[in-house]
Amino acid sequence: MDWGMKNRISRIIKPETGRAVMLAVDHGYFLGPTTGLEEPRKIIAELLPYADSLMLTRGILRTSVDPKSSIPIVLRVSGGNSIIGDDLSNEAITVSVKDAIRLNVSAVALSIYVGGKYEHQTLKNLATLISECEEYGIPVLAVTAVGKDMARDAKYLSLSCRIAAELGAHMVKTYYCEDFQKVVKSCPVPVVIAGGKKIPEKEALELAYNAVREGAAGVDMGRNIFQSPNPVAMIKAVRSIVHENVRPEKAYKSLKL
C-alpha cells in the first residue's frame, strides 16, 4: 500500500484512536427523499462538525456540502437500482474513478450482494473498481449489502467480508451480529458497522459500543443519527463511544431526550 493510499485511509480511520465515525447520507441513491434527508444541505451542515467523514453520492456532494469544508469524503459509486425495482442487487458502477478524483474524495464505496441474484455482477463491479482505484491510490470500501432472504449472522457476514477483502477491498462495511468478533477476526482489513434501519437511541448506542468493543474500526451510521429527535446530540454520543470508550448508558444520558 503506497503513501497516498495510507494517507487517505488515515483521514477516515483516525490514527489517534484507530477508529472512525462515518456519517452515511447516501440513502437517496435508491430510497429517494429519505425521512430526515429531505433537505440534505441542512442536516449535513448541522452534523458535519462531528463526523470524521461523509459517505454520500456525487450529486449530494456537489449540491449540499460546502466546498470549503475539509471533511473526508467516501463517495458512493454504485447504484442503478431503486426500492421499487425488481431486485436491489442489480447494481452497476455509476461514477468513474476520474470523476471521484475530480471531487477530491478520500475513498469510494460500492455494494456487493453475496448470495443475491446479481452476486457475480456486484463482485465483478468491486474487482473492477479496485483495479482502477489502485492506479490512483484511492481506497475502496466494500459494503456487504443484504437482501431480504439473507441472514445477518456471523457465518454469512464472515463470508461476505472475507470475499470483499480477498478481492482487494481496503475497508469493509457490514452489520453487527452475534459472535461479531468472528467476522472481524476473519477479515484482514478494517471493518466498520452499519447502523441499519432506525432503532431506539439506547439500542443504537449499545450497538456502536458492542461493535467497537468486539473489534470494529468504527461505525457508518445514518438513519440512527439523522432520524433521531436530536441528531447533533446523537452523533456526539456516538463519537464519545467510538473515540472515548464511553459506556452506552452514560452516552444515552447525554442525549437528554
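The values are calculated or read from the model by the stated rules, or taken from the named source; none is laboratory data. Quick caveat, the model's predicted, so the values are computed rather than measured. Methodologically, a virtual Cβ is constructed for each residue, glycine included, from the backbone with ideal geometry; neighbour enumeration extends over all protein chains shown. Accessible surface areas use protein heavy atoms only, side chains included; no ligands, DNA or RNA. Shrake-Rupley method; radii C 1.70, N 1.55, O 1.52, S 1.80 Å.
Brief remarks follow.
- Coupling constants for the range 59-66 follow from the phi torsions by the Karplus curve (6.51 cos²θ - 1.76 cosθ + 1.60, θ = phi - 60°), and in residue order they are x, 6, 4, 5, 9, 10, 10, 4 Hz; glycine and proline get x.
- Look at the alpha carbon pairs under 8 Å that are at least 6 residues apart: their mean separation over the length of the chain gives a relative contact order of 18 percent.
- Signed unit charges on C-beta, dipole axis of the chain, positive-most listed residue Ile73, Val140, Phe180: Ile73
- What you get for the chain, charging only the Cβ of Lys and Arg (+1) and of Asp and Glu (-1), is a dipole of about 600 debye around the Cα centre.
- Our coupling estimate for the range 114-120, obtained by passing each phi through the Karplus curve with A = 6.51, B = -1.76, C = 1.60 and θ = phi - 60°, is 5, x, x, 4, 9, 3, 4 Hz, Gly and Pro reported as x.
- Peptide ranges 53-60, 195-202 listed from the most packed, as the mean C-beta count within 10 angstrom indicates: 53-60, 195-202
- Gyration tensor verdict on the range 1-123 (Cα atoms; rounded if a/c is under 1.5, prolate if a/b is larger than b/c, oblate otherwise): oblate
- Protein heavy-atom accessible surface, 1.4 Å probe, per residue over the range 14-109: 46 Å².
- Percent antiparallel among DSSP beta bridges (both partners in the range 73-195, rounded to 5): 10
- DSSP beta bridges fully contained in the chain are about 10 percent antiparallel.
- Remark: spin-label model distance Asp2-Glu249 equals 5.1 nm, labels positioned 7 Å along the Cα→Cβ axis.
- Whole-number percent relative contact order across the range 44-190, with pairs defined as alpha carbons under 8 Å at least 6 apart: 17
- Rounded Å value of the spacing that divides the Cα centres of the range 186-212 and the range 44-102: 21
- Karplus-derived HN-Hα couplings along the range 168-180 (A = 6.51, B = -1.76, C = 1.60, θ = phi - 60°), whole Hz, x at Gly and Pro: x, 4, 8, 8, 10, 10, 9, 9, 6, 8, 5, 6, 4
- Carbon plus sulfur fraction of accessible area for the chain, probe 1.4 Å, in percent: 51
- Environment charge of Leu103, counting only residues whose C-beta is closer than 12 Å and scoring Lys/Arg +1, Asp/Glu -1: +4
- Shown for the chain: cysteine residues without a partner Cβ closer than 4.7 Å, namely Cys133, Cys177.
- For Ala24, distant residues with modelled amide H under 5 Å away: Met55, Met221, Gly222
- Dipole of the chain [Lys/Arg +1, Asp/Glu -1 at C-beta], most positive-end residue of Ser158, Val114, Met22: Met22
- Three-way shape call for the chain based on the alpha-carbon gyration tensor, with the a/c threshold at 1.5: rounded
- Label zone at Arg102, where the point sits 7 Å out along the Cα-to-Cβ direction: the range 45-82 residues whose backbone N lies under 20 Å: 56-69, 73-80
- Helical contribution to [θ] at 222 nm, DSSP H n ≥ 4, -39,500 (n - 2.57), averaged over the chain, rounded to 500: -11500 deg cm²/dmol
- Largest-first ordering by accessible area, 1.4 Å probe, given options Thr144, Thr35, Thr128: Thr35, Thr128, Thr144
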